[in-house]
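Trainee: Okay, handing you the structure first.
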Amino acid sequence: MYFVATIGKLHGKIAGYDYRTLYRYVMSLNPTKIYVTYLTHSDYDSGNYGEEIKLIMSDESLSERVSFCGADESKYKKFYEDYVNINKSSPEFVVKLNVLDIINTTVNSYLESYWKSAETVNSEVTDSLFRAKHRLMTAMFPEMELETWEKKHKEILENIDMTGVTPNTMILCPAESRYWFIDHFGTT
């Protein structure tokens, strides 16, 4: 099974993993099925997707293998916003939120300088940093992490047609989610 990370708009900034490189990387693996975890059918139908999906879907040999299995982000975003609004009067909560912002900035800055190729983006180093970040988030904001990150990813996992999964199946996911799918696939 292949777990391939996308980096959103950073594909336009990371020369060694631009949109075309991601497309060629996907092609080189020749997956029998591609589950796109960050888009729903509705997202695709409305044109709400990036250049990597345009490239993949423009290739007839790949487009017929694609299945969109993403979750409706709006409910998770609403929970996050409500959670922050309810707790923002707590000084401890604000300190934790500021620490999280520092961690995000630091991790993202480091990874942007580390990522040079498909191999570095899709590496254990990348996975380890995001895994550690989410363990810290679980410690600082357990309810928020459960209700947004965990539930969203479990919903996506449920959207994947497990009968279609073979060793040559690809999970195409955001870099931050890659570790989660590796850690949880087949353990639901």
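Trainee: If you average the sequence gap of Cα pairs under 8 Å that are 6 or more apart and divide by the length of the chain, what percent do you get for the contact order?
Mentor: Numbers: 206 pairs, mean separation 82.8, N = 188.
After rounding, I find 44 percent.
Trainee: Grab the chain and count how many Lys pairs have their alpha-carbon atoms under 18 Å apart, sequence gap of 8 or more, or different chains.
Mentor: 20
Trainee: Measure nothing fancy, just the Cα-based angle from helix 19-29's long axis to the longest principal axis of the chain, in degrees from 0 to 90, nearest 10.
Mentor: The angle comes out near 60 degrees.
Trainee: Could I ask something else about it? Let's test the formula: R0 of 22 Å, r as the Cβ-Cβ distance of Tyr44 and Glu150. What FRET efficiency results, to the nearest 0.05?
Mentor: Rounded to the nearest 0.05, the efficiency is 0.35.
Trainee: Amide H neighbours of Ile34 under 5 Å, counting only residues 5+ apart in sequence or on other chains, H built in-plane at 1.01 Å?
Mentor: Under 5 Å from the amide H of Ile34 lie the amide H atoms of Val66, Ser67, Met170, each far enough along the sequence or on another chain.
Trainee: How tilted is helix 175-184 with respect to the longest principal axis of the chain? Cα atoms for both, answer in degrees (0 to 90, nearest 10).
Mentor: That works out to roughly 90 degrees.
Trainee: Running Debye on the chain with equal point scatterers at the Cα sites and no solvent, what base-10 log of I(q)/I(0) appears at q = 0.08, 0.12, 0.15 Å⁻¹?
Mentor: -0.27, -0.61, -0.96
Trainee: In deg cm²/dmol, rounded to 500, what helix-only [θ] at 222 nm does the chain give when every DSSP H run of at least 4 residues adds -39500 (n - 2.57) and the total is split over its residues? Before the final figure, lay out each step's value.
Mentor: Details: 10 runs with 107 residues, N = 188.
Rounded to the nearest 500, it is -17000 deg cm²/dmol.
Trainee: Enumerate the calculated ³J(HN,Hα) couplings along the stretch 89-97 in order (Karplus 6.51 cos²θ - 1.76 cosθ + 1.60, θ = phi - 60°), each rounded to whole Hz, writing x wherever the residue is Gly or Pro.
Mentor: For the stretch 89-97, the Karplus curve yields 7, 8, x, 4, 4, 5, 4, 4, 5 Hz.
Trainee: Let a ≥ b ≥ c be the square roots of the eigenvalues of the Cα gyration tensor of the stretch 34-132; is it rounded (a/c under 1.5), or, if not, prolate (a/b larger than b/c) or oblate? Before the final figure, lay out the partial values.
Mentor: On the way: a/c = 3.23, a/b = 1.45, b/c = 2.23.
In terms of gyration-tensor shape, oblate.
Trainee: Along the principal axes of its C-alpha atoms, what lengths does the stretch 1-89 span, in descending order and rounded to whole Å?
Mentor: That works out to 51, 28, 27 Å along the principal axes.
Trainee: Let me spell out the model: positive unit charges on the Cβ of Lys and Arg, negative unit charges on the Cβ of Asp and Glu, origin at the Cα centre of the stretch 79-188. What dipole size does that give, in debye rounded to 20?
Mentor: Values: 10 positive and 17 negative charges, 45 e Å.
That gives the stretch 79-188 a dipole magnitude of about 220 debye.
Trainee: Now for a different question. Return the sequence-ordered ³J(HN,Hα) values of the stretch 100-115 in whole Hz as given by the Karplus equation 6.51 cos²θ - 1.76 cosθ + 1.60 applied to θ = phi - 60°, using x for Gly and Pro.
Mentor: With the stated coefficients, the stretch 100-115 comes to 4, 4, 5, 4, 4, 4, 5, 4, 5, 5, 4, 5, 4, 7, 7, 5 Hz.
Trainee: In addition: Report the Cα centroid-to-centroid distance between the stretch 96-144 and the stretch 1-26 in angstrom, as an integer.
Mentor: A separation of 18 Å, based on Cα centres.
Trainee: To the nearest 20 debye, what is the magnitude of the charge dipole of the stretch 2-184 about its Cα centre, counting +1 on the Cβ of each Lys and Arg and -1 on the Cβ of each Asp and Glu? Can you show the working numbers first?
Mentor: On the way: 20 positive and 27 negative charges, 72 e Å.
I would put it at about 340 debye.
Trainee: Amide H to amide H, which residues 5 or more places from Phe3 or on other chains are under 5 Å from it, using H placed in the peptide plane?
Mentor: Answer set, sorted by chain and number: Ile171.
Trainee: Angle, helix 124-140 long axis vs. longest principal axis of the chain, Cα atoms, 0 to 90°, nearest 10?
Mentor: Tilt of helix 124-140: around 30 degrees.
Trainee: Filter the trypsin sites (Lys or Arg not before Pro) in the stretch 4-97 down to the DSSP loop ones having no more than 16 other Cβ atoms within 10 Å, then list what survives.
Mentor: On the way: sites: Lys9, Lys13, Arg20, Arg24, Lys33, Lys54, Arg65, Lys75, Lys77, Lys78, Lys88, Lys96; in loops: Lys13, Arg65, Lys88.
When the trypsin sites (Lys or Arg not before Pro) of the stretch 4-97 are filtered for loop state and at most 16 Cβ neighbours within 10 Å, Lys13, Lys88 remain.
Trainee: Follow-up. May I ask which residue of Val125, Trp149, Ser67 lies farthest towards the positive end of the charge dipole of the chain, with charges of +1 (Lys, Arg) and -1 (Asp, Glu) on Cβ and the Cα centre as origin?
Mentor: Val125
Trainee: In the stretch 1-74, what GluC sites (Glu not before Pro) fall in a loop by DSSP, with at most 10 other Cβ atoms inside 10 Å? Kindly include the intermediate steps, with their values, before the conclusion.
Mentor: Working: sites: Glu51, Glu52, Glu60, Glu64, Glu73; in loops: Glu64.
Answer by residue number: Glu64.
Read-outs: derived from the displayed coordinates by stated rules, not from any lab. As the structure is a prediction and not an experimental result, all values here were calculated from the model. Positions of Cβ are generated from backbone atoms using ideal geometry, with glycine treated the same way; all protein chains shown enter the neighbour counts.
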